[in-house]
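Have a look at the structure below, then the notes.
Where a number appears in this text, it was derived from the coordinates with a stated rule and is not lab data. Bear in mind that the values here come from a model prediction, so they are computed numbers and not experimental data. Positions of Cβ are generated from backbone atoms using ideal geometry, with glycine treated the same way; all protein chains shown enter the neighbour counts.
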Amino acid sequence: MNILAEEQVRMLETSVSEEEHQKRVESFYQMYFDLRHKEENSYLGRLSLKTRRRLHPLVLLVYIIQNHVGGLSYEIINDNREKTNRPIIFAITHVGKFDIQVISEAIKEHYYLLSGDYEHIQGIIDAFFFATKWSDIF
């Protein structure tokens, strides 16, 4: 379990006093916002959407190589994508730790991942693609 998840479990314990519960809630949110602030102010966290899209083919190439060397594969059950300027939502099953790189190869386009476990996506090659600020999108 990661440190943020551990703090959340502590926050949700019901056997503590209301005062202790409030302290734990504040501690959890402080840790969460500290992690976000650290990432958003890092060099990679400040990359624009345009720059991230330019770097996407390189990251995708790395994933494709890793997938083929590692023997990872995928099956697309239904892909009715059409050219559109509207957002597309992909519903993907998750079974293993390499799912992100396999999914990236299947989708091929730049995308944003909506997922939990903020802490564990930090420090990997695609972390800066996941850490997007709303100002980059709108």
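With one equal scatterer per alpha carbon and no solvent term, the Debye-computed log10 I(q)/I(0) for segment 32-80 at 0.17, 0.19, 0.21, 0.29 1/Å reads -0.79, -0.83, -0.85, -0.98. Modelled this way, with points 7 Å down the Cα-to-C-beta line, the labels at SER15 and ASP99 are 3.2 nm from one another.
Excluding same-chain neighbours fewer than eight residues apart, the lysines reachable from LYS83 by a Cα-Cα span under 28 Å are LYS50, LYS108, LYS133.
With the simple spin-label model, which puts each label point 7 Å out from Cα in the Cβ direction, the ASN41 to ALA5 separation comes to 2.8 nm. Under the convention that each Lys and Arg Cβ holds +1 and each Asp and Glu Cβ holds -1, the size of the dipole of segment 27-98 around its Cα centre is about 360 debye.
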